[in-house]
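Quick note: the coordinates plus some simple rules give every number you see, no bench work behind them. No experiment lies behind these values; they were computed from the predicted model shown. Heads up, the Cβs are rebuilt from the backbone with ideal geometry, glycines too, and the neighbour counts pull from every protein chain shown.
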Amino acid sequence: MKITIVGAGAIGSLWGHQLNQHHLVQMWTRTDEPHYSLTFKPHDASKLSQRLQLPANNREWLRQSDLVLVTVKAFQVIDALRPIYQDIKPTSLVVIMHNGMGTQHSVTQLLPHHTIAYATTAQAAFKQHDIVTHTGIGQTWLGLLQGEQQQVADWAQQFHHILPPCHCHPNILEPLWLKLAINCAINPLTAIYQCTNGQLDSAEHQQQITAICHEVAQVMSQEVAPITTEELLTRVNQVILATQANYSSMNRDVFHHRTTEIDYITGYLIETARRHHIASPYNEKLWQQIKQLEHHYHD
Ligand code: KPL
């Protein structure tokens, strides 16, 4: 099968490397370069690094692609799709994979006749210059947003084959919301305090996380599926433990003075809370704090 991966960050490169072992993969990048080179370091450190060159930015390849996997950040999705959507073949599956929520409406408006799936992954990768390291293994969920279910199920199987575990979820909004909830609890705090995920284990931070989870659980229960504060807290603390040495993506964005995904994480939560008339003062405060940090370095 022919595949185009839009976005050559850590996650795009990880999926590019894996899918390229069984399919024909090209990367779509921000440049016009006809090739994209990377060194891939596998998760199993005893395995050798691989140098890889993939084709890139070839419009004919895009027109022939059976899968278009979009791995850019939420706030870049529409800008990345606008110059290319007319060249995505009508039978191609479009998979959108990013942290946070809030792009679904714009994506289905841009591509009303395509089969569209959303994905969330706990696979972790880190990219520095052209070196991509596979740093963590975790569940990927793929689920239909619009179009043909079978197409999504078939690709979920392919994904499972090349980078397990990956499964098809009958209601992708559930895993997307769970990931959003975890990001609401971990990302802003680790960005504000510039700490690792594991440092959120302290009594002071656990109090803050409980307050966040209390608001998020109410919103999730109204919007997608019932969940208690305690259940959510348990899930968040499992992720904190499993990723204790890591810096969250928002921590890194603030550290490197980049735009964060706050509008698509905490911002989306606040918007949904308002729609359900649920108060979310704790999350609103965190949203404001991250916005202030961004303003400091963007001005
Ligand atoms: O998804 C993450 C992120 O950093 O964005 C978590 C789960 C918090 C892991 O660091």
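Using Cα atoms only, what is the angle between the long axis of helix 203-223 and the major principal axis of the chain, expressed in degrees (0 to 90) to the nearest 10?
70 degrees
Give, in nm to one decimal, the length gained when the segment between Arg51 and Ala245 is fully stretched (0.36 nm per residue of separation minus the Cα-Cα distance).
Numbers: separation 194, 0.36 × 194 = 69.84 nm, distance 2.71 nm.
Going from the current span to full extension adds 67.1 nm.
Whole Å is fine, so just give me how far the alpha carbon centre of the range 210-264 lies from that of the range 122-148.
18 Å
Looking at the square roots a ≥ b ≥ c of the eigenvalues of the Cα gyration tensor of the range 72-164, which shape do they give, rounded for a/c under 1.5, prolate if a/b is larger than b/c, or oblate?
It comes out oblate by the Cα gyration axes.
Computed over the Cα atoms of the range 1-123, what is the convex hull's projected area averaged over all directions, in nm²?
Convex hull of Cα atoms, orientation-averaged projection: 7.4 nm².
Could you give P(r) for the chain, binned at 5 Å from zero, as whole percent values over all Cα-Cα pairs?
1, 5, 12, 16, 18, 17, 14, 10, 5, 2, 0, 0
Which percent, to the nearest 5, of DSSP beta bridges fully inside the chain are antiparallel?
In the chain, DSSP labels about 40 percent of beta bridges as antiparallel.
Taking only DSSP H segments of four or more residues, each worth -39500 (n - 2.57), what value at 222 nm results for the chain once the sum is divided by all its residues, to the nearest 500 deg cm²/dmol?
Computed mean residue ellipticity for the chain: -13500 deg cm²/dmol.
Can you work out ³J(HN,Hα) from phi for every residue in the range 53-64, in order, using Karplus 6.51 cos²θ - 1.76 cosθ + 1.60 and θ = phi - 60°, giving whole Hz and x for Gly and Pro?
Listing the rounded values in order: 10, 10, x, 8, 6, 9, 5, 5, 4, 4, 4, 9 Hz.
Tell me which residues come under 5 Å, amide H to amide H, from Val95 once H is placed; ignore anything under 5 positions away on its chain.
Sorted by chain and number, the residues that satisfy this are Val68, Leu69, Val70, Ala117.
Mind checking the full-extension length gain between Glu204 and Gln289? Use 0.36 nm per residue of separation minus the Cα-Cα distance, one decimal, nm.
28.8 nm
Summing +1 for each Lys or Arg and -1 for each Asp or Glu, what net charge is found among the other residues whose Cβ lies under 13 Å from the Cβ of Gln288?
On the way: positive: Lys285, Lys291; negative: Asp263, Glu284, Glu294.
Result for the neighbourhood of Gln288: -1.
What distance in nm lies between label points placed 7 Å from Cα along the C-beta direction at Ala153 and His129?
4.7 nm
What angle do you read, to the nearest 10 degrees and between 0 and 90, between the alpha-carbon axis of helix 173-192 and the longest principal axis of the chain?
The angle comes out at about 60 degrees.
Within 10 Å of each residue's Cβ, count the other Cβ atoms and sort Cys184, Cys213, Cys195 from fewest upward.
Neighbour counts put them in this order, fewest first: Cys195, Cys213, Cys184.
Just how far, in whole angstrom, is the range 169-208 from the range 37-87 if you go by their alpha carbon centroids?
Comparing the Cα centres of the range 37-87 and the range 169-208, I get a distance of 27 Å.
Provide the descending list of Cα extents for the range 174-296 along its principal axes, expressed in whole angstroms.
Here the spans come out as 36, 30, 25 Å, largest first.
With +1 assigned to the C-beta of every Lys and Arg and -1 to the C-beta of every Asp and Glu, and no other charges, what is the dipole magnitude of the chain about the Cα centre in debye, to the nearest 20?
It comes to approximately 520 debye.
Sorted by packing (mean other beta-carbon atoms within 10 Å per residue), highest first, where do 163-173, 69-79 land?
Averaged packing, sorted descending, gives the order 69-79, 163-173.
How far apart, in nm, are two points set 7 Å out from the Cα along the Cα-to-Cβ line at Asp44 and at Asp32?
That separation, rounded to one decimal, is 4.3 nm.
How would you rank Arg30, Arg235, going from fewest to most other Cβ atoms within 10 Å of each one's own Cβ?
So the ranking, lowest neighbour count to highest, is Arg30, Arg235.
Note the direction-averaged projected area, equal to a quarter of the hull surface, for the Cα convex hull of the range 133-194, in nm². Write down the numbers at each step before the final one.
On the way: hull surface 21.9 nm².
It is 5.5 nm².
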